[in-house]
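Notes to accompany the following structure.
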Amino acid sequence: MLENIRLSFQGIWSHKMRSFLTMLGIIIGIAAIIAIVSTITGTNEQIKQNLIGAGDNNVNVQLYMGDSTYEIEYSGIPEGVPVITREVLEEIRGVEEVKDAALFVSRDTYNTIYHKNTGITGGKLYGVEKEYFDVCNYIVKSGRVFDDGDVSNFRKVAVLDEDSAETLFSGEDPVGKTIEILKEPYVVIGVVTKSSKFEPVINSMDDYYMYAQRSSGGVFVPYATWPGLYGYDEPQKLVLTVNNTEDMTAAGKKSADILNSYLSVTDNTIQYKAIDLLEQAKEIQELSRSTNTMLIWIAGISLLVGGIGVMNIMLVSVTERTQEIGLKKAIGARKSRILGQFLTEAAVLTSLGGLFGVIVGIILAEVISKLTGTLVAISAPAAVGAVVFSMIIGIVFGLLPSYKAANLNPIDALRHE
Amino acid sequence: MILDLKHIYKDYQQDKLVVPVLKDISLQVEEGEYVAVMGPSGSGKTTLMNIIGCLDRPTSGTYELAGEDILKYKDKEMSNVRLRSIGFVFQSFHLLPRQSALENVALPLSYAGVKKRERRERAARALERVGLGDRLNFKPTQLSGGQKQRVAIARAMVNNPKLLLADEPTGALDSKSGKQIMELFAALHREGVTIVMITHDKAIASHAKRVVQIIDGEITEGSKEVQDA
Ligand SMILES: Nc1ncnc2c1ncn2[C@@H]1O[C@H](COP(=O)(O)OP(=O)(O)OP(=O)(O)O)[C@@H](O)[C@H]1O
Ligand SMILES: [Mg+2]
């Protein structure tokens with residue numbers, strides 16, 4: 001076997017140009033596949049990071065009516081949706097995948113928050129418990145967040161996130177200043193920021209509303225003061241944090257199930273659901289995958305053509321080496337021996353092509369990455385798989401020529417000039 | 001008796017025409033004999049040798065090699081017989097051009113499953129025996145015709161076969177190289193190897209102890225012993 005491989009290299013080397021041209025089909029096919037796979041993997045990784053936010057691991061659970069979020073503005077809290085109590089929250093915290101959880105309420109704001117004459121046009125107002133900031137991985141940039149005193153005394157204090165601070169105060173330090181929320185004065189006590197910054201690059205799906213909500217600025221007030229702003233009728237929302245990104249779906253689902261078990265609504269389309277970012281990420285990945293499936297097909301066809309090229313050259317080689325084959329059979333080589341020799345040669349040829357293809361593919365992927373600014377992830381299993389696959393192509397397409405060689409009649413073969 | 005052929009016929013199918021090439025050939029060769037097969041071109045010498053060498057099967061007739069009915073063997077067993085019991089020498093040498101003399105000679109050993117180390121040793125010894133101990137790593141293109149044929153003889157003999165078949169071994173050589181080859185054959189004959197050699201050349205045939213004439217597919221001078229020169 002080793003001997004066969006050595007001889008194959010010898011044969012390939014003695015026909016450098018021909019061998020290279022034969023390998024070209026395989027090289028191009030494999031290079032294309034490696035480049036595509038690397039780009040897909042890289043893009044997927046990026047989407048996942050962007051959509052979920054690296055290290056963020058937050059899941060939002062809220063009330064839905066059918067497929068859309070329940071809008072309080074239209075009909076108030078529906079009959080049979082109870083207030084989520086501390087006990088229920090503790091039950092959710094007890095779910096295996098859930099690291100921590102907090103309740104909050106929120107509303108989109110349209111020109112309801114002002115500092116002097118500057119308003120937030122498309123932001124969000126949150127009524128939160130003091131744990132909320134921890135659960136959502138906010139870190140305090142300046143000032144402080146709410147404490148027990150703020151909550152028990154119904155203090156009209158507010159915390160801004162970086163975006164709303166920038167919108168309202170454009171660089172000034174907001175701490176200590178007063179803002180106006182629904183005409184009520186609130187004192188800004190702190191500014192918070194996400195511990196990991198969320199900067200999407202891909203704009204391929206409308207599901208980016210999550211991102212839109214976050215980036216246009218949020219203002220936080222103690223949950224206790226919420227009724228003073230909007231009255232009591234506000235469905236609560238839940239935010240979870242999990243340890244593993246992979247757990248997000250499960251944690252969201254289990255928590256929603258717990259909340260739903262307390263519902264006694266007549267309209268059973270009203271339900272708590274998790275905003276499943278992981279699922280969304282997967283959907284986007286599916287999307288990019290399906291567009292790339294076509295490219296994989298093209299690469300596959302190129303490999304097929306490459307394989308046929310290998311078969312063709314191997315057939316030529318068998319004809320050229322008729323005498324050699326005849327001699328070998330005359331002096332006692334078995335069919336299997338000849339078969340093995342030619343199969344090995346075909347396999348070595350295509351494996352070598354595969355190896356070059358992987359190298360070219362990696363270079364290609366890096367170039368694509370440089371040009372388009374997308375991430376590429378070169379996977380070792382894909383590279384190894386590509387070489388093995390090339391080898392299999394060699395064996396499959398080498399089968400016919402090798403079989404022909406093995407079954408040559410030694411007399412005719414020796415007579416061949 | 002090492003070779004025992006009885007009533008061998010061989011026809012070739014040429015389009016719809018049946019061409020008889022060998023007609024009722026019977027030939028017996030004792031172990032250790034040195035036989036020359038002579039005859040005009042196209043008389044069927046190579047065809048006969050292919051049958052003796054288990055490369056081809058006769059259309060009819062019986063053939064026993066060292067008492068074994070060879071014709072009932074399958075392909076795989078036939079190649080084993082060729083590997084172990086028969087050495088071939090051809091007019092045009094048939095060496096593998098990219099392999100060294102040593103590798104060419106070692107080839108049948110690898111088919112016989114001999115370990116690499118031993119292969120090299122035995123191939124080297126076989127080459128020394130034909131006087132090419134100093135040319136082990138030469139490629140065929142770097143060797144003269146006579147040297148190439150000696151490499152081929154070393155290859156034929158490396159598995160120590162009982163029978164050496166040579167089809168015009170000196171046909172492509174000048175008379176001096178031809179003489180060297182004949183000396184080698186004589187030495188092998190003395191060692192007890194059975195030799196069947198096809199030749200056109202009377203002088204070459206005279207080295208053999210017995211000459212068989214084939215004319216038009218028939219043996220005309222069967223077992224006539226040649227006078228020792
Ligand atoms: N495969 C074949 N198909 C048809 N006819 C063949 C075949 N092989 C040999 N023959 C015919 O058989 C006859 C004998 O051929 P063979 O090669 O045995 O002759 P030879 O005695 O060895 O001649 P030479 O001295 O020229 O080598 C020739 O007429 C040849 O044309
Ligand atoms: Mg002949």
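The values are calculated or read from the model by the stated rules, or taken from the named source; none is laboratory data. All figures in this text were calculated on a predicted structure; none of them were measured in a lab. In this analysis, Cβ positions are derived from the backbone assuming ideal geometry, glycine residues included, and neighbour counts consider all displayed protein chains. In case anyone asks, the SASA skips ligands and DNA or RNA and just uses the protein heavy atoms, side chains included. Shrake-Rupley method; radii C 1.70, N 1.55, O 1.52, S 1.80 Å.
Within the option set B:41, B:79, being surrounded by fewer than 15 Cβ atoms within 10 Å (Cβ to Cβ) and either within 13 Å of another protein chain (Cβ to nearest Cβ) or not in a strand (DSSP E or B) (or both) holds for one residue only, B:41.
When residues in the stretch B:159-173 are screened for being hydrophobic (A, V, I, L, M, F, W, C) and open to solvent by less than 10 Å² (accessible area, probe 1.4 Å), 4 of them pass. Residues that are of a type in the set (Asp, Glu) and assigned to a helix (DSSP H, G or I) were ranked within the stretch A:154-192; the one that is farthest from residue A:113 (Cα to Cα) is A:162. Tell me, which residue of the stretch B:1-38 that is within 16 Å of ligand 2 (Cβ to nearest atom) and open to solvent by 50 Å² or more (accessible area, probe 1.4 Å) is farthest from residue B:184 (Cα to Cα)? By that ranking, first place goes to B:19.
Can you confirm whether the stretch A:354-370 contains a residue that is of a type outside the set (Ser, Thr, Tyr) and within 14 Å of chain B (Cβ to nearest Cβ)?
So far as the stretch A:354-370 goes, no, none of its residues is of a type outside the set (Ser, Thr, Tyr) and within 14 Å of chain B (Cβ to nearest Cβ).
The residue that is farthest from residue B:111 (Cα to Cα), counting only those in the stretch B:44-76 that are within 14 Å of chain A (Cβ to nearest Cβ) and open to solvent by 60 Å² or more (accessible area, probe 1.4 Å), is B:57. Evaluating residue B:86 against the criteria (1) within 16 Å of ligand 1 (Cβ to nearest atom); (2) at pLDDT 95 or above; (3) of a type outside the set (D, E, K, R) leaves one unmet condition, (1).
Restricted to strands (runs of 3 or more DSSP E) entirely inside the stretch A:62-153, those with at least 2 residues that are buried (at least 20 other Cβ atoms within 10 Å of the Cβ) are A:98-109, A:113-115, A:123-128.
Give B:202, B:148, B:176 a once-over and let me know the one that is in contact (Cβ under 8 Å) with a residue 40 or more places away in the chain and open to solvent by 70 Å² or more (accessible area, probe 1.4 Å). On inspection, the qualifying residue turns out to be B:202.
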